[in-house]
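Novice: Got a structure here, written out as structure tokens. Questions coming.
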Amino acid sequence: MRSKVVTIDRHIIDQERLHPGASGRFSALLYDIALAAKLISREVNMAGLIDVLGRTGEINVHGEAVEKLDVFAQEAIYKAMDHAGHLCCMVSEECDHIISIPDQFELGPYVLLFDPLDGSSNINVNVSIGTIFSVHQRITPRGRPGTIKDCLQKGSRQLAAGYIVYGSSTMLVYTTGIDQGVHGFTLDPSIGEFLLSHRDIRIPDPPAKIYSVNEAYYARWSKNQQRLVDHFRGLNGEGGGGYKSRYIGSLVSDFHRTLLQGGIFMYPPDSRAPGGKLRILYEAAPLAMVCKAAGGRASDGSRDILDIEPEGLHDRTPLFLGSASLVDLAEDYLAGRVERPEEEADS
Ligand code: AHM
Ligand code: MG
């Protein structure tokens, strides 16, 4: 038995004590997210045993087929959050519009933005998937339903952000501020509790030499993006190479590995998706906040992801995140600031 076992509930209370005057509402919101995570985790773990696999036949707002577990995860989060009086509205990858709080329930001061089950094309093959969440303070006056203004805030204004990865074990990782650290909790299914397993995570830098990108899209990338990956592969004759490539195709899992081991994850723009694929509000911005709070960086290639002002709920962005030194390097390549060796430039 370990000498000190800290549950997520206990950790949240301890954190709240550091902020005299905190109302407790924000802590309650985090508990409810952890509760929804447990429900989703149970269902994900059962997916191979009960008849939840397969598609519902519906198409979501992005034109993608909806998996049944996506629907379950969406409902689990909605039902855990709609009635407790924390929120004025929600935004989800699975809904094209703002999700209102039903009239009979109290409205609260926060907005929750989430991707209920990211990487869901991996469900049927038992590969790790995840939930991503972001919390903002509302900016319109209280007492009325939240509006689009409350939702379209830049990432630097997030109060909290995190993710749950449903892997060989289920982990919840979150931060409540760039200077508040990133903490990871592993679900012990036998007692149904998230236990603190990774206190104050720091992304390694100097990092492990790992890059993560879907290389099948190489031909669709800009020349500078190709040169960056050529550098990792040691093809440029400029001292690169020595890297490993790791790509699961499930953002939460690829990011989780990057957070713990260091390296860089990239989803660059390409000729088919010039604005990138990943969504700002509930994919890029929350992971950017976690990454930054762990000492890393997140960029769209030239700008800090946390500085982007979204114009629509489902806006997308290119994404480069991970160890700060590698994100710096990526920006240098993308801006053409890395000199080419003579023989390559002449050819
Ligand atoms: P989703 O939100 O439809 O699940 O798509 C997002 C996923 C991410 O998990 C992952 O990083 C990316 O799509 C993989 O895309 P690709 O198959 O183009 O490499
Ligand atoms: Mg997603």
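The values are calculated or read from the model by the stated rules, or taken from the named source; none is laboratory data. Given the structure is predicted, the values throughout are model-derived calculations rather than measurements. FYI the Cβ positions are ideal-geometry reconstructions off the backbone, even for glycines, and counts take in every protein chain you see. Just the protein is used for accessible areas: all its heavy atoms, side chains included, with ligands, DNA and RNA removed. Shrake-Rupley method; radii C 1.70, N 1.55, O 1.52, S 1.80 Å.
Novice: Looking at this structure, is Q261 assigned by TED's automatic domain parsing to the domain that holds R337, modelled with pLDDT of 95 or more and either under 24 Å from S169 (Cβ atoms) or hydrophobic (A, V, I, L, M, F, W, C) (or both)? Step through it out loud before you land on a result.
Specialist: Working: assigned by TED's automatic domain parsing to the domain that holds R337: yes; modelled with pLDDT of 95 or more: yes; either under 24 Å from S169 (Cβ atoms) or hydrophobic (A, V, I, L, M, F, W, C) (or both): yes.
For Q261, the condition - assigned by TED's automatic domain parsing to the domain that holds R337, modelled with pLDDT of 95 or more and either under 24 Å from S169 (Cβ atoms) or hydrophobic (A, V, I, L, M, F, W, C) (or both) - is met.
Novice: Enumerate the pairs (first residue in region 79-100 and more than 24 Å from K68 (Cβ to Cβ); second residue anywhere and within 16 Å of ligand 1 (Cβ to nearest atom)) with beta-carbon separation below 9 Å, excluding pairs fewer than 6 apart on the same chain, so at least 6 apart or on different chains.
Specialist: What qualifies is I98/V91; I98/L313.
Novice: Restricting to region 123-151, name every residue that is outside any helix (DSSP H, G or I), open to solvent by 40 Å² or more (accessible area, probe 1.4 Å) and over 23 Å from Q104 (Cα atoms). If you could, list the steps in order and put the result at the bottom.
Specialist: First pass over region 123-151, keeping only residues outside any helix (DSSP H, G or I): 126-147.
Right, trim to open to solvent by 40 Å² or more (accessible area, probe 1.4 Å) and you get 126-127, 137, 139, 141-145, 147.
Selection gives N126, V127.
Novice: Only residues that are of a type in the set (A, V, I, L, M) and open to solvent by 20 Å² or more (accessible area, probe 1.4 Å): list them for region 169-195, please.
Specialist: Filtering region 169-195 down to residues of a type in the set (A, V, I, L, M) leaves 171-173, 178, 182, 187, 191, 195.
Those that are of a type in the set (A, V, I, L, M) and open to solvent by 20 Å² or more (accessible area, probe 1.4 Å): I178, L187, I191, L195.
Novice: In addition: Can S156 be described as open to solvent by 10 Å² or more (accessible area, probe 1.4 Å), modelled with pLDDT of 95 or more and closer than 17 Å to L260 by Cα?
Specialist: no
Novice: Of everything in region 217-259, what is assigned to a helix (DSSP H, G or I), in contact (Cβ under 8 Å) with a residue 60 or more places away in the chain and more than 16 Å from ligand 2 (Cβ to nearest atom)? Give them in sequence order. First the steps, then the outcome.
Specialist: From region 217-259, those assigned to a helix (DSSP H, G or I) are 217-220, 223-232, 251-259; that's our starting set.
Next, only the ones that are in contact (Cβ under 8 Å) with a residue 60 or more places away in the chain stay: 224-225, 227-228, 231, 251-253, 255-256, 258-259.
Matches in region 217-259: N224, Q225, R227, L228, H231, T258, L259.
Novice: For region 261-274, which positions are more than 15 Å from ligand 2 (Cβ to nearest atom) and either open to solvent by 10 Å² or more (accessible area, probe 1.4 Å) or in a loop (DSSP other than H, G, I, E, B) (or both)?
Specialist: Step one: list which residues in region 261-274 are more than 15 Å from ligand 2 (Cβ to nearest atom), which gives 261-264, 266, 268-272, 274.
Listed by number, the residues that qualify are Q261, G262, G263, P268, P269, D270, S271, R272, P274.
Novice: Okay, moving on. Scan region 310-333 for residues that are more than 20 Å from H231 (Cβ to Cβ) and surrounded by 24 or more Cβ atoms within 10 Å (Cβ to Cβ) and report the count.
Specialist: 1
Novice: Also, quick follow-up: Please enumerate the residues belonging to region 292-309 that are surrounded by 16 or more Cβ atoms within 10 Å (Cβ to Cβ), touching a Lys or Arg at 6+ places or on another chain (Cβ under 7 Å) and closer than 18 Å to K154 by Cα.
Specialist: Listed by number, the residues that qualify are A298, L306, I308.
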